[in-house]
């Protein structure tokens, strides 16, 4: 009897072995060199820093807008046009707006973009149709749609119920 030292494969086993060997060779060829890996990691870190900076800038900008809105008196001096205090009675309102077809009105402060939305009475509709809404005083806070000045869309969606705004 002759001894045979060797490895014998069936055709299916040989095909499977070759497929695994090719896959290993391709994976090794695609592997990054240490220099490429370092450049890749630096690029990833740079993108993360840029993203964090964009978030910080957005937060700062939002805070500036919030301070502007909360600090606005929505009034100006009739002679100079400069802002006046909230408690001053002789200031002109810096507002303008629009009457919508569903009896809703939107009034906006021209200086800070504060918005009031409310359902108008027949007398208000008549006044708006005749005189317009420029320099009109805002409605009582109890009549204003609660969703008028929600800062973020997430908060706005939280306050929505069944796709209808919650009005207080």
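The values are calculated or read from the model by the stated rules, or taken from the named source; none is laboratory data. Since this is a predicted model, take the numbers as computed values, not measurements. Cβ sites come from the backbone with ideal geometry, for glycine too, and all protein chains shown count toward neighbours.
Take residue 47 and tell me if it is farther than 21 Å from residue 144 by Cβ and either touching a residue at least 60 places away in the same chain (Cβ under 8 Å) or in the same structural domain as residue 138 (by TED's automatic domain parsing) (or both). It would help to see each step written out before you state the result.
Details: farther than 21 Å from residue 144 by Cβ: yes; either touching a residue at least 60 places away in the same chain (Cβ under 8 Å) or in the same structural domain as residue 138 (by TED's automatic domain parsing) (or both): no.
Spelling it out, it is not the case that residue 47 is farther than 21 Å from residue 144 by Cβ and either touching a residue at least 60 places away in the same chain (Cβ under 8 Å) or in the same structural domain as residue 138 (by TED's automatic domain parsing) (or both).
Of note, residue 113 satisfies the criterion of being within 24 Å of residue 77 (Cα to Cα), modelled with pLDDT of 85 or more and either touching a helix residue (DSSP H, G or I) at 6+ places or on another chain (Cβ under 9 Å) or buried (at least 17 other Cβ atoms within 10 Å of the Cβ) (or both).
Take the conditions closer than 30 Å to residue 111 by Cα, within 40 Å of the chain's Cα centre (by Cα) and not assigned by TED's automatic domain parsing to the domain that holds residue 137 and apply them to residue 30. Does it pass? Show your work before the answer.
Numbers: closer than 30 Å to residue 111 by Cα: no; within 40 Å of the chain's Cα centre (by Cα): yes; not assigned by TED's automatic domain parsing to the domain that holds residue 137: yes.
Answer is no for this residue.
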